[in-house]
Amino acid sequence: MDLLDFARGPALVAALAVFALGTLWRLGHVLSRPRLPDLSPARSGAPSAAAGAWHAVLRGMWPRRELRAGTRFATVNGYVFHLGLALVVFGYAPHIAFIRRLTGLSWPALPDAVMYLAAAVTIVSLLLAVVVRLTDPVLRLISTPDDHISWALTLLPMFTGMAVLSEPSAALLAHDHAIYRGPLAVHLLSLELLLLWFPFGKLMHAFLFVFSRGATGVRFSHRGVRI
């Protein structure tokens, strides 16, 4: 068993298991926390709890007008990063083939040129984000090791993935075996590190933001506060 066999076999199984079980554990912990009942009557005309929750989730996707000037870069850069990352993960043909081997699901791939541009934009977005974090006095003060580890483990698969781009995706998929086993193994291992860290760091916000915003929306709408 060489490094690629290890990355494709035991390491991948372990990383997926930790990711799935860790995510379920975190979600179960959040949902099972005791809650004090709100005994106050709802304000007249207050929306239902479900409506208040979903309004808060959607409203949080963009800052209020009063805050836009100070948060414009963070907001735009965040959308650029998340959109670029989604395109790379779910639009690149070899990634779709990888997902198909794991789940049986597949869909049409985007052109390679779009993927290369999305990968480059995503990497630049991540680099800009860390520069702002390190140079802004407030962000630097409130940053924790979790922030830096999560950033590094998100960037690492992007860099190692670029090292595997030796041929067009159609040519890569046409081979019946991996041509560059070492770089591919490193790319897979960097992804697996990300999966191992995901449930235990701030990357878990990908799931938890719905619950935190929703809980805020329920409380505020019950009191007649408009978010």
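The values are calculated or read from the model by the stated rules, or taken from the named source; none is laboratory data. All figures in this text were calculated on a predicted structure; none of them were measured in a lab. Here the Cβ positions follow ideal geometry from the backbone for every residue, glycine too, while neighbour counts run over all protein chains shown. Note: areas computed on protein heavy atoms with side chains; ligands, DNA, RNA excluded. Shrake-Rupley method; radii C 1.70, N 1.55, O 1.52, S 1.80 Å.
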Single unsatisfied condition, LEU193 versus (1) modelled with pLDDT of 95 or more; (2) of a type in the set (A, V, I, L, M, F, W, C); (3) open to solvent by less than 70 Å² (accessible area, probe 1.4 Å): (3)
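From the list GLY84, GLY60, pick out the single residue that is buried (at least 16 other Cβ atoms within 10 Å of the Cβ), modelled with pLDDT of 95 or more and either in contact with a helix residue (DSSP H, G or I) (Cβ under 8 Å, 6 or more places away or on another chain) or closer than 24 Å to ILE123 by Cα (or both). Explain how you work it out, then say what you get.
Details: GLY60 fails: modelled with pLDDT of 95 or more.
Only one candidate qualifies: GLY84.
Could you please find all residues in the range 1-20 being surrounded by 11 or more Cβ atoms within 10 Å (Cβ to Cβ) and touching a residue at least 12 places away in the same chain (Cβ under 8 Å)?
Start the filter on the range 1-20 by keeping residues that are surrounded by 11 or more Cβ atoms within 10 Å (Cβ to Cβ), which leaves 3-20.
The answer is LEU3, LEU4, PHE6, ALA7, ARG8, ALA11, LEU12, ALA14, ALA15, LEU16, VAL18, PHE19.
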Complete set of residues in the range 61-118 that are over 21 Å from TYR180 (Cβ atoms), of a type in the set (Ser, Thr, Tyr) and not in a helix (DSSP H, G or I): SER106
Residue selected from the range 27-52 under the condition within 31 Å of the chain's Cα centre (by Cα) and open to solvent by less than 60 Å² (accessible area, probe 1.4 Å), by the criterion nearest to SER190 (Cα to Cα): LEU27
Odd one out for LEU155 among (1) open to solvent by 70 Å² or more (accessible area, probe 1.4 Å); (2) assigned to a helix (DSSP H, G or I): (1)
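Just to check your reading of the model, which residue among VAL225, VAL210 is of a type in the set (Val, Ile, Thr), farther than 30 Å from GLY22 by Cα and either assigned to a helix (DSSP H, G or I) or modelled with pLDDT under 95 (or both)?
Numbers: VAL210 fails: farther than 30 Å from GLY22 by Cα.
Result of the check over VAL225, VAL210: VAL225.
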Flag if ALA178 is among the aliphatic types (A, V, I, L, M), free of Cβ contacts under 8 Å to residues at least 24 places away in the same chain, open to solvent by less than 60 Å² (accessible area, probe 1.4 Å) and more than 26 Å from THR23 (Cα to Cα): no
Residue within the range 130-138 that is under 20 Å from SER190 (Cα atoms) and in a helix (DSSP H, G or I) present: yes
